[in-house]
Each structure stands twice: as structure tokens, then as C-alpha cells.
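Below you'll find the structure, written out as C-alpha cells, and then a few comments.
Bear in mind these aren't lab numbers, they're just calculated from the coordinates by the rules spelled out. Because the structure is a prediction, the values reported are computed rather than measured. Here Cβ is always computed from backbone atoms with ideal geometry, including for glycine, and neighbour counts include all displayed protein chains.
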Amino acid sequence: MAKTTMAQAINRALRDAMTADDSVVVFGEDVGPLGGVFRVTDGLTRDFGEARCFDTPLAESGIVGMAVGMAMNGMRPVVEMQFDAFAYPAFEQIASHVAKFANRTRGRMRLPMVIRIPYAGGIGGVEHHCDSSEAYYAHTPGLTVVAPATNADAYGLLRAAIEWPDPVVFLEPKKHYFSKEEVDVDAAVPPIGRAVVRRTGRDATLIAYGPSVPVALAAAEQAAAEGRDVGVVDLRSIVPFDDETVCAEVVRTGRAVVVAEAPGFASVASEVVARVTERCFHHLEAPVRRVTGFDVPYPPPKLEQHHLPGVDRVLDAVDALQWDEGAA
């Protein structure tokens, strides 16, 4: 296993998929000779030619619309939206056509396509560069939504997404693009729709995905130093949602905190709280809590560390679970 960055792991996943299947094509803004803003597609045009990896105009709706036509005709397009909030001009295409096409044709025609979106904060960017827009896609029936947290999952889940028979929104935590981890490209591809327990615990369970998983793991480490045994579940897939793994951990500990960067109101975190409460109610020792971004537009760089969920806020929520237990 070699140490590689998340950007390199995604690049390897694209490269391996393009090598294995001539129908896989990659396109978007600046993904060609430049290799993308984050150099995720570096070298693909050189190695596969401009017919397989190419630049497009600055027209996100057109990028997704073209991918729909290509997927209808036997190709497997992988498109990049460059930044999270840049995808909003394409949302009509995604919600009205990409998500509904299989249902519209009663399953006779599927759209095997991947929409890659570098998302979330932590890079000191301004608005339109740091949104956490996962709730829009998760709320749209017909879309599969994946959010890897590790470099190994970025590789494996992207390979799985490209092979998926229906459209996948693939959310890449851009602040982890250049963090290095060991990646075994020969390991079994993780299944879409299965969460993983990153750390087992006895006292409480932290539930997170994407960029919030390292925060949850750091909080669990700090909690251990303070004498509390806290586990961490990495969702990996938002849709489909792995109720089985999540609920098994919550039932075992009786307490849960959901950690996510997006604003809390009407969020994926809200849905996780609802699902856990409905399915684990009689096993809960305290109300399920959320630690999320605030319900404001993404702030300027000087304020983003106050906006993003951090270890202290997560530990405060864990402390509140203990307080709720005492109050009961």
C-alpha cells in the first residue's frame, strides 16, 4: 500500500476506470491539459487523448445536459462541477432530468453517470467555493449520493460509482485533497450504501460523513483522554442510507451525536436524527443531538473556523448527553 493524497486517489480511480472501460469519459471546466483546479484530473488528457478527457465551456447546465445525452447512448460520463456552488446552474438538469430519467422511462433507459463535486469548507475560500449542498441532492429521489471521508474510500467508492447503473453525485471534501494516507488499489471495492464503523465505543456514538469524519475521530480521541469511550460511524453513502449499521451502534451505546458541516435546519443531519430516533427510540438514553454549521451563508475565511463544527463543539454535545442522562 502506497501513501497517496485524496486527489491522487481520485485520479487513479478515474485512470483505472478509463483503462478498464472505453465508454468512460471525463469532462468539465479546466479538467483537460490543466488537470483541474485541484489537479485531480492531471495527466488524463495526455494519456487518454482529448476524446476521453476534455475541457468544456463555463456552462454547468450544458455539461450535465451533455452527460445525459452521452449516458443515454451507451457511455459512462464522469463530469466535474469544479466547486460545490458552481453546480447550482446545473441543478435544474439534475433534478428534472438526471434524477427522473429512469422513472420517466419505467426503467427501460438508465443514466450511468457520475457528477463529481468538490465540496464543503476548510480551504479559506469565499462564498460559492465552500458550500455543503448535499441536502439538495439527498432530497431528490433518483440520485445516489456518496461522500467519502478517506483516501481509500475516495478511490474505491469512485470506482463503484462509475460502475453504478444510475446517476451518482460524488461529493469530494476538498480540504482533504492533499492529505496523505495509505491506499490499497487492489483491495475490494467498498459497496455503495454501506456505512463503516471507524471506531467502536461504549458510551456514545458519533455519526458523520465526508469532511466531518476526521473531526469526529479527533473528538473521540480527546473524549478517550477524558475517560469517555466514544465510537464513530462513517456513513460513506448518504443515499442509500445504511440504517442497519448506524442503528446497531446507537442501540449498543444508547447515545448519539450527528456531526456535519452543512447548516442544521432541514439538513442531512436532521434526517439522520429522525431515522435514529424512529428506529432506536426505546434504546436511547438521551435525545440525539446535532453539531452542524450555523444557519447562515458560508462566512469569510477569517470566520470559517468558528462556523465549522470542531472538536470542542462535538465534545460539548457529548457532555450534554451525559447531562441529559443525569436529568432523566
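Could you pull out the GluC sites (Glu not before Pro) across segment 265-316 that fall in loop regions by DSSP (anything but H, G, I, E, B) with no more than 15 other Cβ atoms inside 10 Å? Those satisfying the criteria are GLU285.
Say R0 is 22 Å: what FRET efficiency, to the nearest 0.05, do ARG252 and ALA218 get from their beta-carbon distance? That gives a FRET efficiency of 0.50. DSSP beta bridges confined to the chain are antiparallel in about 20 percent of cases. Taking label positions 7 Å along the Cα-Cβ direction at both ARG194 and GLU92, the computed distance is 4.1 nm, reported to one decimal. Maximal additional length on extending the ARG106-THR19 stretch stands at 28.1 nm, based on 0.36 nm per residue less the C-alpha distance.
Applying 1/(1 + (r/R0)^6) with R0 = 22 Å to the Cβ-Cβ distance of MET66 and ASP30 gives a FRET efficiency near 0.85.
Taking the inverse of the average 1/r across all pairs of different Cα atoms in segment 119-198, what Kirkwood radius in Å do you get?
Numbers: mean 1/r = 0.0723 Å⁻¹.
Its Kirkwood hydrodynamic radius stands at 13.8 Å.
DSSP loop GluC sites (Glu not before Pro) in segment 168-244 with at most 11 other Cβ atoms within 10 Å of their Cβ, which ones? Can you show the working numbers first?
Numbers: sites: GLU181, GLU182, GLU221, GLU226, GLU244; in loops: GLU226.
Those satisfying the criteria are GLU226.
Give me the percent of Cα-Cα pairs in segment 2-183 that sit more than 30 Å apart, rounded to a whole number.
Numbers: 1641 of 16471 pairs.
Of the Cα pairs, 10 percent sit more than 30 Å apart.
For segment 73-179, a/c is not less than 1.5, where a ≥ b ≥ c are the root eigenvalues of the C-alpha gyration tensor, and a/b does not top b/c. That puts it in the oblate class.
For the chain, excluding the exposed loop sites themselves (chymotrypsin sites (Phe, Trp or Tyr not before Pro), DSSP loop, at most 13 other Cβ atoms within 10 Å), the longest remaining stretch covers 1-177. Calculated mean residue ellipticity at 222 nm for the chain: -10000 deg cm²/dmol, from DSSP H runs with n ≥ 4 weighted as -39500 (n - 2.57), summed, divided by the residue count and rounded to 500. Over 10 Å intervals from 0, what percent of Cα-Cα pairs in segment 196-327 sits in each interval? Pairs per bin, as whole percents: 13, 48, 32, 6, 0. Loop-located GluC sites (Glu not before Pro) in segment 17-106 (DSSP state other than H, G, I, E, B) with a sparse environment of at most 15 neighbouring Cβ atoms within 10 Å: GLU50.
Is the shape of segment 154-244 best called rounded, prolate or oblate, per the rule: a/c under 1.5 gives rounded, else a/b larger than b/c gives prolate, else oblate, with a ≥ b ≥ c the square roots of the Cα gyration tensor eigenvalues?
Working: a/c = 2.23, a/b = 1.69, b/c = 1.32.
Prolate is the answer for segment 154-244, as a/c is 1.5 or above and a/b outweighs b/c.
Convex hull of alpha carbon positions in the chain: directionally averaged projected area 16.6 nm².
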